[in-house]
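I have placed the structure first, in the form of structure tokens, so that the comments after it can refer back to it.
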Amino acid sequence: MLAFENCMADEQTEHQHAESISFAAFVLSLAHTAAVHFGDIPDPVSGERSEPNLAAAQQMIDILALLEAKTRGNLTPEERQLLDQILYELRLRFVEASKPQSRIITP
């Protein structure tokens, strides 16, 4: 019986932990990761900005788009607005980052 009680206690702890993570926090975490891949903010591990990795940034955008498609009809209006706005901004940022850099002076 003790093993069953321990299992139930573990499940309750995991359930409480899952409740502390909000949908908005999850979406913002994915958007933050995309910003790191764009080189817009420092990597949280190294503390340094890395060179843009557009393939990785696109993957994060694709994950957010998949999340949007799979949660359609199940989000609050606030969650829907947050996800739509983040996707819009990241897609614009991707287009901007994909443009070739123009130089005023050519060496």
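Figures for the structure shown
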read-out	value
Taking the convex hull of Cα positions in segment 36-89, its mean projected area over all directions (nm²)	4.3
Karplus 3J(HN,Hα) series, Hz, for segment 44-61 with 6.51 cos²θ - 1.76 cosθ + 1.60 (x for Gly, Pro)	x, 7, 8, x, 10, 7, 9, 5, x, 10, 5, 5, 5, 5, 4, 4, 5, 5
Amide H partners (placed H, <5 Å) of Asn53, local residues excluded	Phe38, Gly39
Mean projected area (nm²) of the alpha-carbon convex hull when segment 18-107 is viewed from all directions	7.7
Residue-by-residue Karplus 3J(HN,Hα) for segment 87-97, coefficients 6.51, -1.76, 1.60, Hz, glycine and proline x	4, 4, 5, 5, 5, 4, 4, 5, 4, 4, 5
Estimated vicinal HN-Hα couplings, Hz - segment 68-82 in sequence order (Karplus 6.51, -1.76, 1.60; Gly, Pro = x)	4, 5, 6, 9, 3, x, 10, 9, 6, x, 5, 5, 4, 5, 4
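Each value in this text was obtained by applying a stated rule to the coordinates, not by laboratory testing. Keep in mind it's a predicted model, so treat the numbers as computed, not measured.
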